[in-house]
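Comments concern the structure below.
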Amino acid sequence: MSLSDSLYQEVLLDHYQNPRHHGKMEHSDLHQEGVNPLCGDEVELFLKLKGDIISEISFVGKGCSISQASASMLTDSLYGKTISEAKSLLQEFKGMLLEDKAPNFPEEYEDLESMEAVKKIPARIKCATLAWNTLEKAIGK
Amino acid sequence: MSFDLEKIRRDFPILSTQMNGKPLVFLDSAASSQKPKSVIDTIRKYYEAENANIHRGIYYLSQKATEKYEMTRIKTSRFIGAACAKVVIFTRNTTESINLVAQSWGRTNIHEGDEIVLTELEHHSNLVPWQMLAQEKQAVLKFIPLNQDSTLDLSNLDEIITERVKLVALAQMSNVTGTIHDLSAIIRRAREVGAKVLIDGAQGICHLPTNVQKEDFDFYTFSAHKMLGPTGVGVLYAKEEILDTMPPWMGGGDMISKVWKEKSTYADLPARLEAGTPNISGVIGFGAALEYLESVGMQEIRNHELELLQYALDRLEDFGGLELYGTNDLSKRGGVISFNFPGVHPHDVGSILDEEGIAIRVGHHCAQPFMDFKGIAGTCRASFYLYNTKEDVDSLLVGLKKVKEIFGRVLKR
């Protein structure tokens, strides 16, 4: 698969064009900015928590289709989940891209699986992982 | 001699390789040029038959290596029109040459309240060293602003370059927009106030016939790897009377005259500013690159690039929907084209072109202040050199059509 692969294109471009949970959030419990200094991609994450549950989540950012689509998929996947579920999803996602592990996501996360295509474009892996690294910093605080 | 493009292309082995199963279309020479066989062979020959350290050995190999290394210094001084070879200092790259000036000349001559003038189009190499020096010395950085077409706005030059200015540092040609600056007006004004002028020739020397004495540069910096030579070799030229006053910035072997336990005296130029074992094979390979450029002719290279530039600009205009940056006055422009698909990030364009075997540079090109000026994240940049063809431009256009197909939905926004 590659950027010009049609299936990948469809999912990626849909998230890029119609980002989910997009916008700044007032009074968030967790807020984290992330940047890729070499390419200038930016992602800012906002989370509100009810106990251990992510009750609200949003992002803003600017950058390429992969960095912004990945952020959109992240927010979509984590909405309503617990912090520990977020952590395991984070491990799964980064493992898929950085450690060449086969993706093993539950069915509801099939959009995330489409990101496996980025492995074929090594220069862009850092774009795909930006939002997830940002999440890691946010929940690690 | 005539400009024989077919022959030139045959001299560059990489141009006949494949990328992702497709013929390589290399349009990123502004980042680093490809190398002709003569340069590659010269480096191989050095390691196979001539390798030894220089300036030390009494034996044949060392003498031979020293001779070849110093011959490149002479060739370089001729190539840029310097008065003699000892005003050519070898460094690792343009960045190191600029840092050398900042750390040696700058720390001696820039004081609190002094001003350094740059432009809004500088790449980070000619920005960050001055920021560091200004912070250390509490000096002030000032910037010559830009016109919308990326040429310099020189209308307020007298107000910007005042008596407080000690240095004006700017690129000969922009790595982002290809703009060739009108240096004469700036140098004239610098002379009026007694300021020194540093010209960052990283993009200039490879494309434009340049004579440092005629053009009256105080400092001139460039890198071998952008002009057919190997990586890891840079040049600092400065007027001899300036170099004479510059203290060493790195201490070590080769730069000394006499060493005691507590102190040392320093060598004469150019050794005083070249501490340690240098990139010997690189410098010798650079000599072969200079010979190659001279055999083709810098004016011929410039003419060829202008032809490509005109052809490419026309085709990109006709393509429609692209945002193009830089002036249309080709007398003020080298073979660099920066553009954007509004709505598509440059990295996405770069990845799709890569699949087609087309290498361009995408991103901020280490010139973030310019991106801020334009309010963009980055650009797609296609840059030409002597070995590029109109067919390369045609391939680029085919690749861009593919981008348009893939990102059609986004582009319609």
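The values are calculated or read from the model by the stated rules, or taken from the named source; none is laboratory data. From a predicted model like this one, the values you see are computed outputs, not experimental measurements. Don't worry about glycine lacking a Cβ; one is built from the backbone with ideal geometry, like all the others, and counts go over all protein chains shown. Remember, those area values only see protein heavy atoms, side chains included, never the ligands or the DNA or RNA. Shrake-Rupley method; radii C 1.70, N 1.55, O 1.52, S 1.80 Å.
The set of residues in segment B:389-413 that are touching a helix residue (DSSP H, G or I) at 6+ places or on another chain (Cβ under 6 Å), surrounded by 18 or more Cβ atoms within 10 Å (Cβ to Cβ) and away from every other protein chain (no Cβ under 14 Å) contains only B:Val393.
Against the test of being surrounded by 14 or more Cβ atoms within 10 Å (Cβ to Cβ) and touching an Asp or Glu at 6+ places or on another chain (Cβ under 8 Å), the options A:Leu97, A:Leu89, A:Leu30 yield a single qualifying residue, A:Leu97. When you go through B:Gly287, B:Gly282, B:Gly276 one by one, which is the residue that is in a loop (DSSP other than H, G, I, E, B) and not charged (D, E, K, R)? The match here is B:Gly276.
Restricting to segment B:98-120, what's the tally of residues that are open to solvent by 20 Å² or more (accessible area, probe 1.4 Å) and within 14 Å of B:Thr221 (Cα to Cα)? The total comes to 1.
Condition first: within 14 Å of chain B (Cβ to nearest Cβ) and touching a Leu at 6+ places or on another chain (Cβ under 6 Å). Can you find one or more residues in segment A:69-92 that meet it?
yes
Where strands (runs of 3 or more DSSP E) fall entirely within segment B:67-172, those with at least 3 residues that are touching a residue at least 12 places away in the same chain (Cβ under 8 Å) and within 21 Å of the chain's Cα centre (by Cα) are at B:88-91, B:115-119, B:165-171. Please tell me if B:Val336 is closer than 19 Å to B:Leu27 by Cβ and at the interface with another protein chain (Cβ under 9 Å from one of its Cβ atoms). So B:Val336 does not fit the description; no.
Looking only at residues of segment B:17-44 that are in a helix (DSSP H, G or I) and among the β-branched types (Val, Ile, Thr), we find that the one that is most open to solvent (accessible area, probe 1.4 Å) is B:Ile40.
Among the residues of segment B:171-181, is any surrounded by 20 or more Cβ atoms within 10 Å (Cβ to Cβ), more than 30 Å from B:Tyr385 (Cα to Cα) and in contact with a Lys or Arg (Cβ under 8 Å, 6 or more places away or on another chain)? Show your work before the answer.
Within segment B:171-181, the first condition is being surrounded by 20 or more Cβ atoms within 10 Å (Cβ to Cβ), and the residues that meet it are B:171-181.
Then keep just the ones that are more than 30 Å from B:Tyr385 (Cα to Cα); that gives none.
The answer is no; no qualifying residue exists.
Within segment A:100-141, being among the β-branched types (Val, Ile, Thr) and under 30 Å from B:Gly357 (Cα atoms) holds for A:Val118, A:Ile121, A:Ile125, A:Thr129.
Residues are listed down the side, and each one gets a yes or a no for (1) at pLDDT below 95; (2) not charged (D, E, K, R):
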site: A:Ser2; (1), (2): yes, yes
site: A:Leu7; (1), (2): yes, yes
site: A:Gln17; (1), (2): yes, yes
site: A:Glu26; (1), (2): yes, no
site: A:Pro37; (1), (2): yes, yes
site: A:Leu47; (1), (2): no, yes
site: A:Gly51; (1), (2): yes, yes
site: A:Ile57; (1), (2): no, yes
site: A:Lys62; (1), (2): yes, no
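Selection of first residues in segment B:289-304 that are touching a residue at least 24 places away in the same chain (Cβ under 8 Å) and of second residues that are hydroxyl-bearing (Ser, Thr, Tyr) and in a loop (DSSP other than H, G, I, E, B), restricted to Cβ pairs under 8 Å at least 6 apart or on distinct chains, gives the following pairs, ordered by first then second residue: B:Met298/B:Thr210; B:Ile301/B:Tyr385.
Report yes if some residue within segment A:108-117 is at pLDDT below 95, closer than 26 Å to B:Leu400 by Cβ and away from every other protein chain (no Cβ under 13 Å); otherwise report no.
Looking for residues that are at pLDDT below 95, closer than 26 Å to B:Leu400 by Cβ and away from every other protein chain (no Cβ under 13 Å), one finds at least one in segment A:108-117, hence yes.
Within this structure, B:His364 passes the test of being free of Cβ contacts under 8 Å to residues at least 40 places away in the same chain, within 18 Å of the chain's Cα centre (by Cα) and within 12 Å of chain A (Cβ to nearest Cβ).
Here the condition is being farther than 25 Å from B:Gly378 by Cα and either among the β-branched types (Val, Ile, Thr) or modelled with pLDDT of 95 or more (or both); of A:Thr75, A:Thr134, it holds for A:Thr75 alone. Here A:Tyr109 clears all of (1) in a helix (DSSP H, G or I); (2) touching an Asp or Glu at 6+ places or on another chain (Cβ under 9 Å); (3) without any contact (Cβ under 8 Å) to a residue 24 or more places away in the chain except the condition numbered (3). Against the list (1) within 14 Å of the chain's Cα centre (by Cα); (2) closer than 21 Å to B:Lys75 by Cβ, the condition B:Asp200 fails is (2).
For first residues located in segment B:391-402 and in the same structural domain as B:Asp314 (by the TED database), partners that are surrounded by 14 or more Cβ atoms within 10 Å (Cβ to Cβ) and of a type in the set (Phe, Trp, Tyr) and lie 6+ apart or on another chain with Cβ distances below 6 Å form the pairs B:Val393/B:Tyr311.
Matching residues to (1) of a type in the set (Ser, Thr, Tyr); (2) open to solvent by less than 50 Å² (accessible area, probe 1.4 Å):
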{"residue": "B:Tyr46", "(1), (2)": "yes, yes"}
{"residue": "B:Gln63", "(1), (2)": "no, no"}
{"residue": "B:Lys68", "(1), (2)": "no, no"}
{"residue": "B:Lys75", "(1), (2)": "no, yes"}
{"residue": "B:Arg78", "(1), (2)": "no, no"}
{"residue": "B:Glu96", "(1), (2)": "no, yes"}
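(1) open to solvent by less than 10 Å² (accessible area, probe 1.4 Å); (2) within 11 Å of chain A (Cβ to nearest Cβ): which one isn't true of B:Tyr385, the others all being true? Every condition holds for B:Tyr385 apart from (2).
Take the residues in segment B:361-382 that are out of contact with any Cys (no Cβ under 6 Å at 6 or more places or on another chain) and aliphatic (A, V, I, L, M); name whichever of them is surrounded by the most Cβ atoms within 10 Å (Cβ to Cβ). Walk me through it before giving the result.
Our first condition is that a residue be out of contact with any Cys (no Cβ under 6 Å at 6 or more places or on another chain); within segment B:361-382, this holds for B:361, B:364-382.
If we keep only those that are aliphatic (A, V, I, L, M) too, we end up with B:367, B:371, B:376-377, B:382.
On the way: B:Ala367: 26, B:Met371: 17, B:Ile376: 17, B:Ala377: 21, B:Ala382: 29.
My answer is B:Ala382.
Only residues that are in contact with a strand residue (DSSP E or B) (Cβ under 8 Å, 6 or more places away or on another chain), surrounded by 24 or more Cβ atoms within 10 Å (Cβ to Cβ), within 14 Å of chain B (Cβ to nearest Cβ) and not hydroxyl-bearing (Ser, Thr, Tyr) were counted across segment A:54-68, and they come to 2.
Could you tell me whether A:Gly23 is within 14 Å of chain B (Cβ to nearest Cβ), on the phi > 0 side of the Ramachandran plot, in contact with a strand residue (DSSP E or B) (Cβ under 9 Å, 6 or more places away or on another chain) and open to solvent by less than 30 Å² (accessible area, probe 1.4 Å)?
Numbers: within 14 Å of chain B (Cβ to nearest Cβ): no; on the phi > 0 side of the Ramachandran plot: yes; in contact with a strand residue (DSSP E or B) (Cβ under 9 Å, 6 or more places away or on another chain): yes; open to solvent by less than 30 Å² (accessible area, probe 1.4 Å): yes.
Taking the combined requirement at face value, the residue does not satisfy it.
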